[in-house]
Amino acid sequence: MTSHLLLSDVSKQFSHDQAPALDAVTLDVAAGSCTAILGPSGSGKSTILRVMAGLDPVSSGQVFVDGVDVGGLAPERRGMGMVFQRPLLFPHLSVLDNVAFADRVAGTGRAAGRRNAERYLEMVQLGGYGRRSVRELSGGQEQRVAIARALAARPRVLLLDEPFSALDPELRADMHRLIDEIRAAISPTIVLVTHDRDEASAVADHIAVLHEGELLQHDTVDAIYNRPRSLRVSRLMGGLNEVPGEVIGGAHVSAMGAVPLDDARRTPDGRATLVVRQEALAVRATDDVHPALPGVTEFAGVVAGIRHLGPRRLLTIALAGGAVELSAELPPGQAVGVGSPVGVTLPRAVVSTVPD
Amino acid sequence: MSIHASSLSAQPAPTPSGGLRLPGDPGTRLTDSRGARRAGRVLAATLLGAWFVAPLLPLALWAFADRWSFPSVLPTAWGTSGVESAIAQGAVPALWRSIALGLVVAAIATPLGAMAARALTLGTVRWPRIVGLILLAPVALPPFAAVMGLNVVLLRAYVPPLVGLVLVLVVIALPYTTFAMRVAYAAHDVRYEEEARTLGASPWRVLWLVHIPLVAPALARAAFLAFLVGWSDYVVTVIIGGGAVVSLPLVIASSAAGIGNDSTVAILSLAAVVPPLALLAVLAFAGRPRTHAQRVAFAEVHPGSHPIRVALARPHPAEPGAR
C-alpha cells in the first residue's frame with residue numbers, strides 16, 4: 001500500500017479550443033506520505049486524480065508508480081484506490097459485500113473476502129456493521145465504509161477526491177482523525193484533493209497548490225503557508241499581507257521601513273513583495289504596560305478596521321501614514337478599537353519575499 | 001491492524017421509530033382531506049377504479065356465458081363453450097406464440113434501448129436531439145403506412161417473414177425502451193462504475209456486478225414495455241408476418257369478426273389481458289421494499305414519500321451511537 005508516485009510533465013486537454021485542464025504538471029509524492037492537492041474550483045484538482053487513477057488518459061506526460069510507467073494500464077490494473085466526494089456504495093450490496101468487492105472481483109473466495117472485509121471495517125470503527133444495508137448508514141458512516149472498501153483493495157496509492165466536503169465540521173474532524181489513524185496503522189501513500197486549506201493542513205504533510213491546471217508549489221505544510229513561492233500561492237493559501245518594496249542587503253525596504261529577512265526566505269536583491277501571514281503578526285497596544293521585546297523591530301500603526309472571526313478579530317492596521325496596510329489576527333483579550341495606536345512586530349522566522 | 005480511538009465509537013445506529021407520525025405523513029392532519037374534499041377524493045378514486053374495471057366485468061361474465069339474452073342483467077345460461085371454442089380455434093398455441101414474440105422483442109429491444117439511452121445521456125452521441133427524434137419516429141408515424149412501406153423493402157430484400165416481423169417490432173419498441181432507460185440513466189452516476197474499476201473490476205465485471213444491478217428496475221420497466229409491443233401487435237404481424245405467425249391478437253380479431261362468438265372473444269380477450277397484468281404485478285411486487293431498512297431506502301430513492309422520516313432515520317453524527 002506504500003508506493004512512490006510520480007507525475008512527470010503531465011498535461012490534460014479535453015478539447016483543442018479549451019485551455020488545458022492540466023499543464024505540464026510534475027508532482028513527486030513520496031511513499032507513505034500524504035499530499036493534499038489544493039486549489040479553487042476548476043483548477044484541475046479532480047482531473048489530476050482521475051489521471052492518476054487512469055480514469056482519464058493523459059494528453060502528454062507520464063505517470064510512474066514505484067518507477068514503472070502505468071500510463072498504458074487500465075484503472076483496474078493500476079492499483080489506485082479512489083474515494084469520491086459521494087461514497088458511491090453499491091446499494092444492492094450489504095456493507096460487508098461492498099468492502100469485500102475488490103476481493104470478489106479478484107477471485108478470492110467469498111468467505112475469505114468477507115473475513116478480510118471485516119478487518120477493514122474494524123479499521124474504520126465500523127466492526128459489526130457488515131450485515132447492514134448501506135442505506136442504513138449515516139453520511140459519515142458511508143464515507144468510512146467507502147474508505148474501508150478502497151483500503152480492502154490494498155491499493156498502492158489511495159486517492160481521495162474531496163471525500164469529506166459534504167460532511168459537517170464535527171464529522172469532518174472525526175474523519176481527519178481517522179485518516180491519521182490509518183496512516184499510523186498501515187502508512188498508505190495518500191493523495192487528497194480538497195479546496196479546504198484547513199483540511200489540507202490537518203490531514204496532509206505536503207500540499208500541492210494547483211491553479212488553472214498549473215502546479216504552483218509543492219512543499220511541506222509549513223513552507224506553503226509561510227514561504228509561498230509566489231503571490232498567487234500566498235493568496236490561494238489565504239495570505240492577506242503583501243507589501244511591495246525592494247530587497248537590499250538582507251532586508252526588505254518599503255514605505256513601512258526595513259524588515260530584516262532570513263537568508264533562506266529572501267529573494268535576491270531587487271524589487272520584491274514581502275508576504276507574512278496575518279496569524280503570525282504580533283500586535284501590541286502601544287499604551288500597554290509591557291514594552292516591545294528588546295532587539296525586535298516594532299512598527300507603529302493605527303487600527304483602521306476590525307472584523308470578527310469567531311473569538312478572534314482581524315485588524316486592519318494602517319502604517320506609515322496609511323501608505324501600507326497590514327492585516328493581523330488578534331486573540332481575544334486585548335482591548336483595541338478602531339483608531340487605537342498599536343505596535344506591529346513581524347517575526348523574522350515567518351517573513352518572506354517573492355519576486356515581483 | 002485495528003485502530004482504537006475513544007472519539008470514534010461504533011455503536012449500531014438506532015433503529016428509526018416505526019410508530020412515530022410526523023406532519024406530512026399519510027393520515028396526519030396536514031395531508032388528510034376532510035369534509036367535501038374527502039368526499040370528492042373518494043368519488044374520484046371510485047370513478048377511476050370503475051373506469052378500469054368496467055370493460056373487464058362484461059368480459060368476465062361473457063367468458064362463462066353460453067347464452068346472455070337481452071335484457072337480462074346476468075347471463076341466462078352459464079357454461080364453458082367459449083373456452084372450448086377458443087381452444088378449438090388455436091388459442092393456446094397462439095398464446096404461446098404471442099408470449100414468445102413479446103419475449104424476443106423485449107430481449108432485443110431492451111439492451112438496444114439501454115445502449116442508445118446511455119449513449120444519449122452521457123453525451124457520446126453527436127447531435128443527440130436529432131438522434132432522439134429519429135428514435136421517437138416509430139411512435140409518431142402512422143403504423144399502417146410505415147409497415148406497408150417496410151413490407152415492400154423486406155420482400156425485395158428476401159428477409160424471412162418471421163425475422164422481418166421481429167425486426168419491425170423491435171424498431172417500434174425501441175422508442176419505449178430508449179426513453180424508459182433515458183430516465184434511469186439521467187439519474188445514474190457513472191462514478192459507481194469508475195469506483196468499481198479502481199477496485200479492480202474489468203469493464204465486463206463492472207457491467208454485471210454494478211451497472212446492470214443499478215439500472216435493473218428501469219431495465220424491467222423497459223422490457224415490460226417492449227414485451228407489450230410484441231404481445232399486443234396486430235398490424236405488423238398481419239402485414240409483415242404474412243400469416244407465418246398466428247399470434248393471439250390475430251385469433252381474437254378473426255373471432256371478433258364473426259357473429260355469435262361473444263363468449264369465445266371474451267375468453268380470448270381475457271387471455272390477452274391476464275399475462276401483462278401478471279407481469280405488471282410481478283414488477284410491482286419485486287420492486288417493493290420488504291424490510292424496514294429497505295422501506296427507508298426506498299423512501300430515500302423515491303423522494304417525497306416520507307422526507308422527514310428519512311431524515312430522522314439517518315442518525316445525526318453527533319448523536320450517541322451514530323458512529
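Brief remarks on what is shown
- Looking across region A:138-148, the residues that are facing another protein chain (nearest Cβ under 7 Å) and buried (at least 22 other Cβ atoms within 10 Å of the Cβ) come down to A:140, A:141.
- Residue within region B:135-143 that is assigned to a helix (DSSP H, G or I), closer than 19 Å to residue B:109 by Cα, in contact (Cβ under 8 Å) with a residue 24 or more places away in the chain and within 14 Å of another protein chain (Cβ to nearest Cβ) present: no
- Highlighted here are the helices (runs of 4 or more DSSP H) found entirely within region B:226-323 that include at least 3 residues which are out of contact with any Lys or Arg (no Cβ under 7 Å at 6 or more places or on another chain), hydrophobic (A, V, I, L, M, F, W, C) and at pLDDT below 85: B:262-286, B:307-313.
Yes or no, residue by residue, for (1) under 20 Å from residue B:204 (Cα atoms); (2) in the same structural domain as residue A:139 (by TED's automatic domain parsing); (3) out of contact with any strand residue (DSSP E or B) (no Cβ under 9 Å at 6 or more places or on another chain):
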position	(1), (2), (3)
A:58	no, yes, no
A:63	no, yes, no
A:74	yes, yes, yes
A:91	yes, yes, no
A:102	yes, yes, no
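- Residue list for region A:47-64, restricted to those being more than 8 Å from chain B (Cβ to nearest Cβ), in contact with a helix residue (DSSP H, G or I) (Cβ under 7 Å, 6 or more places away or on another chain) and hydrophobic (A, V, I, L, M, F, W, C): A:58, A:63
- Among the residues listed as B:24, B:40, the single one being surrounded by 10 or more Cβ atoms within 10 Å (Cβ to Cβ) and either of a type in the set (Asp, Glu) or at pLDDT 90 or above (or both): B:40
- Taking first residues from region A:78-91 that are farther than 13 Å from residue A:190 by Cα and more than 7 Å from chain B (Cβ to nearest Cβ) and partners that are of a type in the set (Gly, Ala, Ser) and buried (at least 22 other Cβ atoms within 10 Å of the Cβ), the Cβ contacts under 6 Å between residues at least 6 apart in sequence or on separate chains come to A:78/A:54; A:87/A:146.
- Taken together, B:154, B:136 contain a single residue that is within 30 Å of residue B:284 (Cα to Cα) and either at pLDDT below 95 or surrounded by 19 or more Cβ atoms within 10 Å (Cβ to Cβ) (or both), which is B:136.
- Residue in region B:201-215 that is touching a strand residue (DSSP E or B) at 6+ places or on another chain (Cβ under 6 Å) and touching a residue at least 60 places away in the same chain (Cβ under 8 Å) present: no
- From the options A:88, A:49, residue that is of a type in the set (A, V, I, L, M) and not in a loop (DSSP other than H, G, I, E, B): A:49
- Contact map, region B:227-243: residues that are closer than 16 Å to residue B:100 by Cα paired with residues that are aliphatic (A, V, I, L, M) and outside any helix (DSSP H, G or I), Cβ distance under 7 Å, separation 6+ or inter-chain. Pairs shown: B:237/B:245.
- Entry remark, region A:156-171: residues being within 12 Å of chain B (Cβ to nearest Cβ), modelled with pLDDT of 90 or more and surrounded by fewer than 24 Cβ atoms within 10 Å (Cβ to Cβ) number 2 in total.
- Single match in B:92, B:83 (criterion: touching a helix residue (DSSP H, G or I) at 6+ places or on another chain (Cβ under 7 Å) and assigned to a helix (DSSP H, G or I)): B:83
The values are calculated or read from the model by the stated rules, or taken from the named source; none is laboratory data. Small disclaimer: the values here were computed from a predicted structure and weren't measured. Note: ideal-geometry Cβ built from the backbone for every residue, glycine included; neighbour counts use all protein chains shown.
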